[in-house]
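See structure below.
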Amino acid sequence: MFIQTEDTPNPQSMKFRPGQPVLGEGALGQDYPSAEAAARAPLARSLFEIDGVEGVFLGADFITVTKSEGVEWMHVKPAILGAIADGLLAGLGGQEEGAAPSSAPATSLDDYEGEDREVVEQIIELIDTRVRPAVAQDGGDIVFKHYEPRTGVVFLSLHGSCSGCPSSTMTLKSGVENLLKHYVPEVVKVEAVA
């Protein structure tokens with residue numbers, strides 16, 4: 001199995017593209033910020049067994065691994081490549097049966113009514129069609145969590161290489177916030193949440 005690697009804007013994260021589905025099209029990304037969080041995710045769990053791995057994000061067709069700051073990629077990359085190849089060949093993927101997706105939205109459309117619901121529908125559509133594909137190119141994901149109609153604040157969660165990335169604040173404020181404010185005048189501000 002040939003696995004391509006790509007640098008991300010976060011120097012501690014690297015994107016691995018195995019050339020086959022990891023979670024499958026349309027699946028929500030699965031973020032594992034710790035080994036404990038990966039307890040019910042066989043592929044992520046195997047990656048955490050490698051010394052120096054601090055975070056794992058599984059996307060539709062890629063895996064982003066975040067390493068400890070004091071560890072060099074040349075020391076962990078071969079083990080990561082081996083774990084990914086072995087895991088995918090063994091049929092390991094995302095979470096085991098019955099586990100909840102880790103990047104699920106915090107609120108649903110049913111939590112909003114009338115004009116607020118229309119605003120949230122626009123926000124989610126813009127994030128899903130314009131923002132998430134661009135963020136996935138960098139090995140990450142961004143998920144809608146909540147909209148506060150009274151203040152106009154949108155709360156988003158960053159995953160994968162975006163979590164802890166030095167440029168994530170600029171991406172969130174200059175990119176996502178400006179996009180949402182342009183298309184959805186009710187949006188005043190965008191905030192990151194865990």
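Of all residues in the range 3-25, those satisfying the criterion of being closer than 12 Å to Leu81 by Cα and in a strand (DSSP E or B) are Gln4, Thr5, Met14, Lys15, Phe16, Arg17. Quick check: is even one residue across the range 106-124 within 29 Å of Glu49 (Cα to Cα) and modelled with pLDDT under 95? No, the range 106-124 has no match at all. Select from the range 77-94 the residues that are modelled with pLDDT of 95 or more and charged (D, E, K, R) and list them in ascending order. Answer for the range 77-94, where residues must be modelled with pLDDT of 95 or more and charged (D, E, K, R): just Lys77.
Each row is one residue, and each column tells you yes or no for (1) of a type in the set (Asp, Glu); (2) in contact with a strand residue (DSSP E or B) (Cβ under 9 Å, 6 or more places away or on another chain); (3) modelled with pLDDT under 90; (4) surrounded by 20 or more Cβ atoms within 10 Å (Cβ to Cβ).
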{"position": "Arg130", "(1), (2), (3), (4)": "no, no, yes, no"}
{"position": "His146", "(1), (2), (3), (4)": "no, yes, no, no"}
{"position": "Leu158", "(1), (2), (3), (4)": "no, yes, yes, yes"}
{"position": "Ser161", "(1), (2), (3), (4)": "no, yes, yes, yes"}
{"position": "Cys165", "(1), (2), (3), (4)": "no, yes, yes, yes"}
{"position": "Thr171", "(1), (2), (3), (4)": "no, yes, yes, yes"}
{"position": "Leu180", "(1), (2), (3), (4)": "no, yes, no, yes"}
{"position": "Glu191", "(1), (2), (3), (4)": "yes, yes, yes, no"}
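In the range 129-194, counting only strands (runs of 3 or more DSSP E) that sit wholly within it, the ones holding 1 or more residues that are touching a helix residue (DSSP H, G or I) at 6+ places or on another chain (Cβ under 7 Å) and among the basic types (Lys, Arg) span 189-193. Consider only pairs whose beta carbons are under 7 Å apart and that are at least six residues apart or on different chains; among these, list those whose first residue lies in the range 112-125 and is at negative phi and whose second residue is assigned to a helix (DSSP H, G or I) and among the aromatic types (Phe, Trp, Tyr). Close Cβ pairs satisfying both conditions: Gln122/Tyr183. Looking at the range 53-64, is at least one residue of a type in the set (S, T, N, Q), assigned to a strand (DSSP E or B), outside the structural domain of Val143 (by TED's automatic domain parsing) and at pLDDT below 90? No, the range 53-64 contains no residue that is of a type in the set (S, T, N, Q), assigned to a strand (DSSP E or B), outside the structural domain of Val143 (by TED's automatic domain parsing) and at pLDDT below 90.
The values are calculated or read from the model by the stated rules, or taken from the named source; none is laboratory data. Being a predicted model, the structure only gives us computed values, none of them experimental. Note that we place each Cβ from the backbone using ideal geometry, even for glycine, and neighbour counts take in every protein chain shown.
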